[in-house]
Amino acid sequence: MSETTNPHYLENPKLIIIRGPSGSGKSTVAHEVQRLVAESGQQIALIEQDYYKEIMILPKASTRDLRIDKMYDDAHFLLMRRCHVVMGGTLDPEEHKPHIDELIKAHPTDNYLFYFNLTLEETLRRHATRAKASWLSEDSLRGWYRQFTGMGYDFETEFTEEVDQENVIASVINITGILHTP
């Protein structure tokens, strides 16, 4: 079936990026957004940084740049084929902003970036409620933790610890208008 006759192809696919510290809830939000959008009958892909970092291309020590390039190539491929993309990860600005800039250059509209700006204490509290808490230590999270700030885009939304997961999901849906996309 061609793009022009397939009813699932979107005229304006959306790029939704969710960043934050490990344990902040970004994967949970990304999965729920994907589920809700898919239930509405729209195509949406989930691109998780952890998958590219931990599973897709190994060994980790010598393939960092390859893994990052592949992740953004996949996002570009899907957007160009008119599929919504929700991308989640820590997405450190130093490593990832040039890739995000290129993705936005190729896909200049319907881009949304959300980030969790949480204290270490809140990150640890949220992590303790996850299944991963049993195999990812609090000490590891303490070592990885850093405060998140915006990356300088005019389409960024910050979530602080005052906003619970349910309201984060609702905000992502409402701000992007993704469930109202024909």
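Quick look at the values:
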item: Computed [θ] at 222 nm, deg cm²/dmol, the chain (DSSP H ≥ 4; -39,500 (n - 2.57); rounded to nearest 500); result: -12500 deg cm²/dmol
item: The chain: mean projected area of Cα convex hull, nm²; result: 10.9 nm²
item: Computed lengthening from residue 160 to residue 129, 0.36 nm per intervening residue step minus Cα-Cα distance; result: 9.4 nm
item: Packing-based ranking, highest mean first, of 27-40, 141-154, 62-75 given that Cβ atoms within 10 Å are counted; result: 27-40, 62-75, 141-154
item: Cα-centred dipole magnitude for the chain, charges only on beta-carbon of K, R (+1) and D, E (-1), debye, nearest 20; result: 420 debye
item: Cross-link pairs beyond the 22 Å C-alpha cut-off, checked among 14/70; 26/105; 60/105; 70/105; 53/105; result: 26/105; 60/105; 53/105
item: Given charges at beta-carbon only (K, R positive; D, E negative), |dipole| of region 131-172 in Debye; result: 300 debye
item: In nm, spacing of pseudo-spin labels at residue 179 and residue 106 (7 Å Cα→C-beta vector); result: 3.1 nm
item: Estimated FRET transfer efficiency when R0 is 25 angstrom, pair residue 56-residue 97 (beta carbons, to 0.05); result: 0.70
item: Extended-chain gain in nm, criterion 0.36 nm per residue less alpha-carbon gap, residue 65 and residue 31; result: 9.7 nm
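FYI, it's all coordinate maths here, none of it is from the lab. Values in this document were obtained by computation on a predicted structure and should not be read as measured data. All Cβ positions, glycine included, derive from the backbone under ideal geometry; neighbour counts span all protein chains shown.
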